[in-house]
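A short worksheet on the structure shown next.
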Amino acid sequence: MTPPHRQTPSQTVGPFFGVGLTHASQSVMVDERTEGQRIRIEGTVVDGAGATIEDALVEVWQANAHGRYRHDLDRGPAPIDPHFVGFGRCPTDASGAFHFDTVKPGAIHAGDGRRHAPHLNVTVFARGMLVHAFTRVYFEEDELDADPVLAQVDRDRRATLVARKSRSEAGRVVYRWDIRLQGDQETVFFDA
Amino acid sequence: MIRVEIAKRDWRIHPPYLHEPYASTIRRAPRRALVPLEPTLSELTGPAFNDDSVRPEDADLTRVPGASGEAIGQRIYVTGRVLEEEGRPVANTLVEVWQANAAGRYFHKADQHEAPLDPNFTGGGRCLTNERGEYRFTSIHPGAYPWRNHHNAWRPSHIHFSLFGTSFISRLVTQMYFPGDPLLPLDPVLGGVPEEGRPLLIARYDHDVTEPGIALGYRFDIVLRGRSQTPMESR
């Protein structure tokens, strides 16, 4: 059945999105009052030839440290943190690198009774991408085998969705997670 | 408890990742099949920006804060509604736009096109839709500009749009084109869209939006993935 209005087709963000996508541009998603374990997630966006992409845009959406999304559809019982929204936006730099300073999200109770391991939801935009890509990033130390979304991903591709601890500094844990648009290690992207 | 569902991305009308006439897709298009994911709370939620940080003057691209002059170019109004597929308006959602100036040059360090910058034009704007899902910008008609995709390649005049909608998977980035532009059939970015979808990206000239002595009016409606809510028996 075709609905009365058709979806507006997607187009590439192009190379000059910095002119317009500045509002809410934030790779720092916390302030000193935000609850939870400080983390940084850093990585690069890489194309099919292994070249870093200097004009990509990465956005993230995540729950707070208690596992609660700041949104009407999440009706608890985990508490809202008034000092955390959960949205981040970071353009890649000249070396293709991005980073987010945030807190580690709690596990999500998805309403259907299933528990999702802590993760961030991620969108990737770039010149040369006519439609943005949608994915998730998990954390290596968590119990991932029981996650209902990872369970749908081929076991040999799951590693592309897992951030690895690289170091600790100044009270935070730094994770490494690269996004590969093509190639042997192509990141798993979802049709959600 | 309420069960919320959101329509799938309609791949009959969205471009594929790989569209070889647009050369940059060749190394940047994901090649593996997307993994189907039934939306959960993570996908059905998303950021809201209905705060005080969007100011009315952000929707007027013809003036730069702190400068007294006005952008050079054919002044235009661009207005429309943001809807879901079933026709429900999307209220209080952030609409962000960016475009080249009248000479076809972006206010961006990576744009090396030898066309003049306009000191009274940066080309970025934003607004929130009202309760009826309507947005409205004041701007100038953007110029066409050359790019290196193929011999004698010129992008048709366009305005970039970014929208969020009600969930993280209703996110949409697109481009609005102008009716009657002779470059439209030659453009591999628009050409990546299946034929039936291309007219949806071309604004309509609307003489009722045009204001006497001030600006030409264009109408561009944007449709995001539909959402349905049904009450569920509580268990």
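The values are calculated or read from the model by the stated rules, or taken from the named source; none is laboratory data. Worth saying up front: this structure is predicted, and the values here are computed from it rather than measured. Positions of Cβ are backbone-derived with ideal geometry, glycine not excepted, and every protein chain shown enters the neighbour counts.
Mind checking which residues of region B:30-59 are within 22 Å of residue A:184 (Cβ to Cβ) and more than 7 Å from every other protein chain (Cβ to nearest Cβ)? Residue satisfying the conditions is B:33 alone. Number of residues in region B:6-29 that are facing chain A (nearest Cβ under 7 Å), among the β-branched types (Val, Ile, Thr) and farther than 30 Å from residue B:152 by Cα: the value is 0.
Annotation note: of B:163, B:190, the sole residue that is facing chain A (nearest Cβ under 9 Å), modelled with pLDDT of 95 or more and surrounded by fewer than 23 Cβ atoms within 10 Å (Cβ to Cβ) is B:163.
Checked against the criterion of being touching an Asp or Glu at 6+ places or on another chain (Cβ under 9 Å), hydroxyl-bearing (Ser, Thr, Tyr) and at pLDDT 95 or above, the candidates A:102, A:123 yield just one match: A:123.
Can you find a residue in region A:148-163 that is part of a strand (DSSP E or B) and touching a residue at least 40 places away in the same chain (Cβ under 8 Å)? Yes, because at least one residue in region A:148-163 is part of a strand (DSSP E or B) and touching a residue at least 40 places away in the same chain (Cβ under 8 Å). Anything in region B:203-235 that is under 18 Å from residue B:143 (Cβ atoms) and crowded, with 18+ Cβ neighbours inside 10 Å? List them, or say none. Result: B:203, B:215, B:218. Of all the numbered requirements in (1) assigned to a loop (DSSP other than H, G, I, E, B); (2) facing chain B (nearest Cβ under 10 Å); (3) farther than 17 Å from residue B:33 by Cβ, residue A:125 misses one, and that requirement is (1).
Would you check if residue A:137 is closer than 27 Å to residue B:14 by Cα, of a type in the set (A, V, I, L, M, F, W, C), within 14 Å of another protein chain (Cβ to nearest Cβ) and surrounded by fewer than 20 Cβ atoms within 10 Å (Cβ to Cβ)?
Against the criterion (closer than 27 Å to residue B:14 by Cα, of a type in the set (A, V, I, L, M, F, W, C), within 14 Å of another protein chain (Cβ to nearest Cβ) and surrounded by fewer than 20 Cβ atoms within 10 Å (Cβ to Cβ)), residue A:137 does not qualify.
Taken together, the criteria place residue B:157 among residues that are more than 13 Å from every other protein chain (Cβ to nearest Cβ), in contact with a strand residue (DSSP E or B) (Cβ under 9 Å, 6 or more places away or on another chain) and crowded, with 20+ Cβ neighbours inside 10 Å.
Looking at region A:131-157 only, could you name the residues that are basic (Lys, Arg) and in contact with a His (Cβ under 7 Å, 6 or more places away or on another chain)? Reasoning before the result, please.
Quick first cut of region A:131-157, residues basic (Lys, Arg) only: A:136, A:155, A:157.
A:136, the sole residue that qualifies.
Checking each residue in region B:166-187 for being within 24 Å of residue B:20 (Cβ to Cβ), hydrophobic (A, V, I, L, M, F, W, C) and away from chain A (no Cβ under 14 Å) picks out B:183, B:186. Restricting region B:193-231 to residues that are of a type in the set (Gly, Ala, Ser) and more than 11 Å from every other protein chain (Cβ to nearest Cβ), the residue that is nearest to residue B:25 (Cα to Cα) is B:203. Restricting attention to region A:164-182, the residues that are of a type outside the set (Asp, Glu), part of a loop (DSSP other than H, G, I, E, B) and at pLDDT 95 or above total 3.
Taking the residues in region B:109-129 that are of a type in the set (Gly, Ala, Ser) and assigned to a loop (DSSP other than H, G, I, E, B) as candidates, determine which candidate is nearest to residue B:98 (Cα to Cα). Among them, the one singled out is B:123.
Could you list, in sequence order, the residues of region A:27-57 that are outside any loop (DSSP other than H, G, I, E, B) and within 14 Å of residue A:187 (Cα to Cα)?
A:43, A:44, A:45, A:46
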